[in-house]
There are 2 protein chains.
Amino acid sequence: MTLPSTYLKMHSTLHANGTLTMDMSEEAMPAPKTGEIVVRVEATPINPSDLGVMFGWANISGATTEGEGTSSVLSMPVPPQGMAVMKARLDQRLAIGNEGAGTVVAAGDDDYSQSLIGKTVAIMGGGMYGQYRCVPSMMALPLKDEHSAKDGASSFVNPLTALSMVEVMKMEGHKALVHTAAASNLGQMLNRICQADGVDLVNIVRKQEQVDLLKGMGAKYVVNSSDDDFMAQLTDAVHETAATLAFDATGGGTLASDILTAMEMAAARTPSEYSIYGSTTHKQVYIYGGLDVSPTTLSRNYGFAWGIGAFLLPNFLAKAGMEVAARLRGRVADELTTTFASSYTDEISMVEALQADVAQRYFAKATGTKYLLLPHKDI
Amino acid sequence: MTLPSTYLKMHSTLHANGTLTMDMSEEAMPAPKTGEIVVRVEATPINPSDLGVMFGWANISGATTEGEGTSSVLSMPVPPQGMAVMKARLDQRLAIGNEGAGTVVAAGDDDYSQSLIGKTVAIMGGGMYGQYRCVPSMMALPLKDEHSAKDGASSFVNPLTALSMVEVMKMEGHKALVHTAAASNLGQMLNRICQADGVDLVNIVRKQEQVDLLKGMGAKYVVNSSDDDFMAQLTDAVHETAATLAFDATGGGTLASDILTAMEMAAARTPSEYSIYGSTTHKQVYIYGGLDVSPTTLSRNYGFAWGIGAFLLPNFLAKAGMEVAARLRGRVADELTTTFASSYTDEISMVEALQADVAQRYFAKATGTKYLLLPHKDI
């Protein structure tokens, strides 16, 4: 196969004048060394974790695009506090895009790398928003023959995050899980995992249609935060499942605190669990997303055995170790289009991704909104 | 010594009709068994941790007192959510008062208990708001001959909490501490401990006179949250000390979040510590009090390596184990009137403690306000 000598790649850069830009540049086609492969990236999702690197603390509502086609430059203002927090990335052209999938088009001279040529693989490791990506062969997850690059584009972030929630539950000694924004791609995966593994899961959603969707998938506990009796529903579900661990994708507002309140009220139904300082069982909420960017508000009316913290997949995998990571990856490849199937709101090209109106749409972190970037799509 | 046949003891009770009452009852004088002592309680502090048990979620501003003298009954309304959270204590006459000190007036027939007769000891274990208390001899901390019951009244809660902060710092791998409401009795103890042990401590206070007080004690880092450049001062101090652990006595408002923001901005000054998802060093705030009862507000603009949780001394000591607890207790006895000296706003009798106006005063959780209850004081 003859490869082009250059390819297009997207970057995000923070400038000292208080703006953040995203643009595209022509890069030299890499030559794979021993143990490396070059993947033609055919599909790569735009996840909330990508949006953090792409836009940081920039003000997306002030976005504008100058230039045309592959010369498009997307530009946004950054408030002073954002500049301070992001100081360390100043003037660095950051490669973006955490994961994706495509065809192996070149390989180093070792047998394993050579064996991958022509295969469809999923890869993770940054810099995926480009037409080609050279990675260590060991990092690639070969897909089954019947699976396409679009099937495998989201093989890592959502599947491994959903699997990690169950791992954390076991590692930290909890009995069941609570999950918010539960009708998302990730939430649906988590339902399939928990049903297969016999783990009780309390799903929190915001709309009746999301209740119906999850109930239709066989979910046993689904509570709607828009209902007047939400707290009563949640407390009942937490009491029945004995869930003391929650993963919250929304981040802002009172939801994390409401979950802790429900856990405490559920614990208070069992007097032996109760002391004068509240329930003695540790109750934990991990915030792993920021669908709601407003501040998190904690009422603290749930005793003295609680914690809230951030959850980030790479930090968890590093802590859990290679063996756990390999086990979780293997399960993803086996169940790619069943347990770990993703769906997308729209498919866009790299040039489209740099248009201000398009960026404002894929930046809108509404539950279930997820764009797929196709680096070889025209325009 | 001839002991009276009965003594007075205070209780707090939650009633199904939505009120909480505190009153006093006459109890039979206990006869100490082998391994036990009876202590004539002469001084016992009213700590924030006691207030939680005394008043729970009752509305103190609606407090009234009926009856007179030892028949006084203090009564307060409890809002519905408070009733739900406190359900497990319904109709229980809870003994109150965590710690205190006094003279050993009777003892079981074993040599160790007998050896304590006439000695002044500090004790912890609940039910201290009464004129006498029977406890296992091993739980008593014998004071040095030159120390009075008033000297030893606060030998446990504040001293062990302050010492535990330094223990947690070491156990969780942090290098320095941040402490809020730092001019309190506990905060002053913590300064003396940290200076003696060579631990860097960033003190946060709200008034210039508190800055002066702590600087006068030799504190190196004192920042005033009322200053316009508070965040800059705090970030500088956190950067100099590399503090990534804070203990917050206030609980409410933005202070816990501001501390995490300062830690993140300090980390961003060292680019190697920084990743695109923010600083990778875990930053932790433990809330151990509720001087500000308003909700805790988290801006979450500090990456993905942070946690906030509640800290409760008994839970920590249980986790740390007997050996650590014994080491900390020994240090308290040795340094009772130096490192661990307490001062009090006022001294009151048990009858006074049941008067609504007095209760509203000692319930006011202003920094540095601390009442000493004298169970044998007249009226």
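Computed values, structure above
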| read-out | value |
| --- | --- |
| Inter-part distance where the stretch B:25-81 and the stretch A:212-241 are each reduced to a Cα centre, Å | 41 Å |
| DSSP-assigned coil residues among GluC sites (Glu not before Pro) in the stretch B:26-68, each with at most 16 further Cβ atoms within 10 Å | B:68 |
| From phi via Karplus (6.51, -1.76, 1.60), per-residue ³J(HN,Hα) for the stretch B:323-330 in Hz, x at Gly/Pro | 5, 5, 4, 5, 4, 5, 4, x |
| The stretch B:132-148 - phi-based ³J(HN,Hα) in whole Hz, Karplus 6.51/-1.76/1.60, Gly and Pro as x | 9, 8, 9, 9, x, 4, 5, 7, 7, 9, x, 8, 5, 4, 7, 9, 8 |
| Whole-Å distance, taken between Cα centres, linking the stretch A:102-176 and the stretch B:322-337 | 55 Å |
| Computed label-point distance, nm, for sites residue B:171 and residue B:337 using a 7 Å Cα→Cβ extension | 3.3 nm |
| For residue A:320, label point 7 Å along C-beta direction: distances to other copies, nm | 3.3 |
| Protein accessible area in the stretch B:158-316, 1.4 Å probe - carbon and sulfur % | 51 percent |
| Cα gyration tensor shape of chain B, rounded if a/c is under 1.5, else prolate or oblate by comparing a/b with b/c | prolate |
| Per residue accessible area of chain B, 1.4 Å probe, in Å² | 39 Å² |
| Relative contact order of the stretch B:158-316, defined on C-alpha pairs under 8 angstrom at six or more residues apart (%) | 21 percent |
| Cross-link pairs beyond the 25 Å C-alpha cut-off, checked among A:175/A:207; A:319/B:283; B:119/B:377; A:150/A:170; A:150/A:220; A:33/A:377 | A:175/A:207; A:150/A:170; A:150/A:220; A:33/A:377 |
| Trypsin sites (Lys or Arg not before Pro) within the stretch B:157-217: DSSP coil, no more than 16 neighbouring Cβ in 10 Å | B:175, B:207 |
| Dipole of chain A, positive direction: furthest Cα of A:330, A:115, A:7, with charges on the beta-carbon | A:330 |
| Gyration tensor (alpha-carbon) shape descriptor, the stretch A:170-259, a/c threshold 1.5 | rounded |
| Carbon plus sulfur fraction of accessible area for the stretch A:1-116, probe 1.4 Å, in percent | 52 percent |
| Cα long-axis angle, helix B:185-197 against chain B (0 to 90 degrees, to the nearest 10) | 60 degrees |
| Integer Hz, Karplus 6.51/-1.76/1.60 couplings in order for the stretch B:343-351, x for Gly and Pro | 10, 10, 6, 7, 10, 10, 8, 5, 5 |
| Antiparallel DSSP beta bridges within the stretch B:158-316, percent to nearest 5 | 10 percent |
| Helix A:230-241 vs. chain A, principal-axis angle (Cα, 0 to 90°, nearest 10) | 90 degrees |
| Normalised contact order of chain A, rounded percent, pairs of Cα under 8 Å and 6 or more residues apart | 18 percent |
| Relative contact order computed over the stretch A:11-131 (Cα-Cα under 8 Å; 6+ residues apart), in percent | 36 percent |
| DSSP beta bridges in the protein assembly as shown [antiparallel fraction, %, rounded to 5] | 65 percent |
| Computed FRET value (nearest 0.05) for residue B:326 with residue A:319, which takes r as the C-beta separation and R₀ as 45 Å | 0.90 |
| MRE, 222 nm, helices only [DSSP H, n ≥ 4, -39500 (n - 2.57), over chain B, to nearest 500] | -9000 deg cm²/dmol |
| Gyration tensor (alpha-carbon) shape descriptor, the stretch A:197-242, a/c threshold 1.5 | oblate |
| DSSP-assigned coil residues among GluC sites (Glu not before Pro) in the stretch B:155-236, each with at most 16 further Cβ atoms within 10 Å | B:172 |
| Using a 7 Å Cα-to-Cβ projection, residue A:67 label spacings across copies, nm, ascending | 8.2 |
| Charge context of residue A:113, other residues only, Cβ under 10 angstrom, K/R +1, D/E -1 | -3 |
| Ascending list, in nanometres, of distances separating the residue B:35 label from those of the other copies (7 Å, Cα toward Cβ) | 6.3 |
| The stretch B:1-34 residues near the modelled residue B:92 label - backbone nitrogen below 11 Å, point 7 Å along Cα→Cβ | B:14 |
| Candidate aspartates and glutamates - alpha carbon under 13 Å from residue A:87, same-chain residues fewer than 8 apart omitted | B:264, B:273 |
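The values are calculated or read from the model by the stated rules, or taken from the named source; none is laboratory data. Nothing here was measured: the structure is a model prediction, and the numbers come from that model. Quick reminder, even Gly has a Cβ in these numbers, built from the backbone with ideal geometry, and neighbours come from all protein chains shown. Remember, those area values only see protein heavy atoms, side chains included, never the ligands or the DNA or RNA. Shrake-Rupley method; radii C 1.70, N 1.55, O 1.52, S 1.80 Å.
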